[in-house]
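Readers should treat all values here as calculations from the given coordinates under stated rules, not as data from a laboratory. The model shown is predicted, which means the values in this text are computed figures rather than measured ones. Neighbour counts are summed over all protein chains in view; Cβ atoms, including those assigned to glycine, are modelled from backbone coordinates with ideal geometry.
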Amino acid sequence: MAKTFSDGIFSGKVALVTGAAGGIGAGIAQAFADLGAHVVMQDIDEDAVTRRAETLRPDGQEIIALGGDLSVEGAADAVFDRAIEVHGRIDFLVNNAGRSWGVTTDSITADRTRELMELNFNSVLWLSKRFIAEATRRGEGGSIIQVSSTAGITGFQRRAVYCASKFGVIGLTKVLALDHARDNIRVNAILPHVVETDMFRTVASAADKANWAAAIPMGRFAQVEDVAGLAMFLCSPAAAYLTGGLYPVDGGAMAGAFGES
C-alpha cells in the first residue's frame, strides 16, 4: 500500500479480521499489521490462514490465526471468545468472511440458503453484537467495518440469495450505527465490486474480464490495496465523524450507466 498513514497509528490496538487467509481479508490484515496493530486473523481454512499470518512482518506486535467455519451456528461466538482470551480487547472488527454462488430461482434450496445466510449475515450480526457489548463495557468505543458488496445495493443475475444477504448487511450497518453512535462505536460498510484477487485471476475467463472491465468507468478492477486503504481510513481518527456510511470500491460502476449508447 502506498505510504498514506503514519507508521504506528494503530499501535496498541487489536483488529479482528474474518476471512483473512487470502484476498481482501489478507490485505486488510496486512495493512493493520503494517500500521502497528495486533491482528487476529480468522478463516475457515486454518492451515491457510496460519501460513498467511506467518508472512506478515509485524514490528513488535502479535499476529495470531484462528480457524472456524462461520457458517456453523455458534462459531462466531467461539472466534470472538478466543480473540478476547488472547488480547483482552478488540478495537476494530472487520466482518469480511463470506461466499457467493449463482443459482436460478427454481434451483434455490433451503440447505444452501441457510448456509449462505448463516455465513454472510448471521455471523456478521453475532460478531458485531459481541464487539459492541465488549466495546461498551470498556467505554473506549471502536470501529466495525462490514465488507458487504455492490450486490448489497443493486441486483445481479442469479445471485438472489447472495444479494439478499448483502442487502441485509447494509441494513444492519445502518441500524447499528444509529443505535451506538453515542457509545463512540462507528459502523460502516465497504462495498467492493470486482476485486482482482488471486482467486479471481484463476476463475475468471479472459472474455469475462474484458466485458466486466469495459463496464467500469475507471477501466480497471479494484486491487486488494484499494479496499484495505479504505478500511484503514474508516478505522482511523480521520474518520471519527463517519458512521452508517456505505462506501463502494467500484471505479465508478455504481454511479450510473457507462459506455457507448
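Mind running the shape call on segment 127-176? Use the C-alpha gyration tensor, a ≥ b ≥ c as the square roots of the eigenvalues: rounded below 1.5 for a/c, prolate if a/b tops b/c, oblate otherwise. It is prolate, given that a/c is not under 1.5 and a/b is the larger ratio. When the listed pairs LYS13/LYS129; LYS13/LYS166; LYS13/LYS209; LYS13/LYS174 are checked against a 30 Å cut-off, the alpha-carbon distance exceeds it for LYS13/LYS209. Reducing segment 134-179 and segment 2-70 to their Cα centroids gives an inter-centroid distance of 21 Å. Amide H contacts of VAL187: ILE144, GLY244, each under 5 Å away and 5 or more positions distant or on a separate chain (H built 1.01 Å from N in the peptide plane; Pro and chain starts excluded). The amide H of ALA65, built 1.01 Å from its N in the peptide plane, has MET41 as neighbours under 5 Å, considering only residues 5 or more places off or on other chains.
Backbone geometry of segment 20-28 corresponds, through the Karplus equation with coefficients 6.51, -1.76 and 1.60 at θ = phi - 60°, to 3J(HN,Hα) couplings of 9, 6, x, x, 4, x, 5, x, 5 Hz, x marking Gly and Pro.
Mean residue ellipticity at 222 nm from the helices of the chain, using -39,500 (n - 2.57) per DSSP H segment of n ≥ 4 over the full residue count, to the nearest 500 deg cm²/dmol? Don't jump to the answer; show the numbers that get you there.
Details: 9 runs with 107 residues, N = 261.
Result for the chain, helices only: -12500 deg cm²/dmol.
Sparsely packed loop sites in segment 76-121 (the trypsin sites (Lys or Arg not before Pro) outside DSSP H, G, I, E and B with at most 15 other Cβ atoms within 10 Å) comprise ARG99.
I need the chymotrypsin sites (Phe, Trp or Tyr not before Pro) found in segment 79-166, filtered to DSSP loop residues with at most 14 other beta carbons within 10 Å of theirs.
Working: sites: PHE80, PHE92, TRP101, PHE121, TRP126, PHE131, PHE156, TYR162; in loops: TRP101, PHE156.
Passing sites in segment 79-166 are TRP101, PHE156.
The GluC sites (Glu not before Pro) of segment 1-76 meeting both criteria, a DSSP state outside H, G, I, E and B (loop) and at most 15 other C-beta atoms within 10 angstrom of the site's C-beta, are GLU62, GLU73. Using C-alpha pairs under 8 Å with a sequence gap of at least 6, the mean separation divided by the residue count of the chain gives a relative contact order of 18 percent.
Computed from phi, the 3J(HN,Hα) profile of segment 184-197 under the Karplus parametrisation 6.51, -1.76, 1.60 (θ = phi - 60°) reads 6, 10, 9, 10, 10, 10, 9, 10, x, 9, 9, 10, 7, 8 Hz, with x in place of Gly and Pro. 3J(HN,Hα) along segment 225-231: 5, 5, 6, 4, x, 5, 4 Hz, from the Karplus curve 6.51 cos²θ - 1.76 cosθ + 1.60 with θ = phi - 60°, whole Hz, x for Gly and Pro. On the principal axes of its alpha carbon atoms, the chain extends 53, 43, 39 Å, with the longest extent given first.
If we count every other residue with Cβ under 11 angstrom of GLY102's Cβ, Lys/Arg +1 and Asp/Glu -1, where does the sum land? For residues surrounding GLY102, the net value is +2.
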